[in-house]
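Worksheet: one structure, shown below.
The values are calculated or read from the model by the stated rules, or taken from the named source; none is laboratory data. What you see is a predicted model; the values in this text were computed from it and never measured. For neighbour counting, all protein chains shown are included, and Cβ atoms are generated from backbone atoms with ideal geometry for every residue, glycine included. Keep in mind that these areas ignore ligands, DNA and RNA; they rest on the heavy atoms of the full protein, side chains included. Shrake-Rupley method; radii C 1.70, N 1.55, O 1.52, S 1.80 Å.
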Amino acid sequence: NPLPAGPRTFAFITEDPIPAPQFITLYVPEGQKAQYEQMDLWKLMTIEEMDIEKRYGIKWVEGMWDFQVGGLFYKINPAEEGEPKTVTVVKPQVWYLNPDGSKVSNWSSEFPYRQSEIVIPETVQNAGITYIVNTIGDYAFRYSQNLTSLTIPNSVTTVGAAIVEYTPKLEKLSIPESVVNVGWLAFARSGASEITVPASASQWYDECCAFQQSENLRHVSFAEGLTLIPARMFFGCHAIQKLYIPDNV
């Protein structure tokens with residue numbers, strides 16, 4: 001029988017004699033228990049789902065973030081004295097650890113947000129200091145497979161690269177009028193079906209491919225006042241049915 005899609009771990013039983021199947025525990029990726037239970041090869045075993053935190057010990061890579069509030073991770077931005085204190089929403093990196101605490105390998109991996117709905121606040125407090133949330137960092141919500149709704153506040157002026165890449169369930173995504181700088185592949189490969197591009201968005205990464213291969217994207221509007229549409233903005237968006245472009249573009 002074909003194995004379900006997704007990460008898999010294989011192990012060899014070295015006991016002699018080999019235990020009866022019902023005494024063997026098979027650990028499978030989160031959400032795939034039912035798929036394995038349908039297979040003759042596995043259904044006699046005890047099947048237990050394990051999410052990423054259970055499957056691996058996790059240690060945060062130092063320096064990737066400064067604090068976390070409300071399930072979001074923040075990095076404090078450099079600022080001159082007297083300037084507003086600002087932060088960037090980031091996706092931290094983690095080391096995966098063996099049971100003895102050693103690293104699984106010498107590489108680190110992004111740790112995806114697991115929430116289904118995320119509302120980024122305009123300001124956030126830490127250690128008695130109030131920070132303005134003005135940036136969403138590169139890859140911040142990439143591979144967040146549960147994400148269905150993302151609210152970006154009017155305080156955000158910069159959106160990094162590929163912030164929602166590979167978020168197939170993300171249907172609700174709005175870009176506020178405060179956004180000026182937009183990174184490469186910023187909103188690519190999400191599940192959004194309708195998008196309005198604000199007039200404030202004037203600084204685009206060269207050949208930005210901002211919405212590349214957003215396969216559910218059907219309706220696109222450019223806000224009045226927008227003067228430039230960057231190259232390759234909708235490369236691979238084959239489902240677009242309606243596109244509104246104002247006269248001053």
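A residue that is open to solvent by 80 Å² or more (accessible area, probe 1.4 Å) and β-branched (V, I, T) occurs somewhere in region 119-127.
Taking region 80-100 as the search range and keeping residues that are within 15 Å of V124 (Cβ to Cβ) and of a type in the set (A, V, I, L, M, F, W, C), which one is most open to solvent (accessible area, probe 1.4 Å)? The qualifying residue most open to solvent (accessible area, probe 1.4 Å) is V90. For region 170-198, residues that are of a type outside the set (G, A, S) and touching an Asp or Glu at 6+ places or on another chain (Cβ under 7 Å) total 3. Evaluation of F10 against the conditions (1) out of contact with any helix residue (DSSP H, G or I) (no Cβ under 9 Å at 6 or more places or on another chain); (2) buried (at least 16 other Cβ atoms within 10 Å of the Cβ); (3) of a type in the set (A, V, I, L, M, F, W, C); (4) at pLDDT below 85 shows that the sole unmet condition is (2).
Could you tell me whether S200 is in a loop (DSSP other than H, G, I, E, B), open to solvent by less than 40 Å² (accessible area, probe 1.4 Å), within 27 Å of N77 (Cβ to Cβ) and of a type in the set (S, T, Y)?
yes
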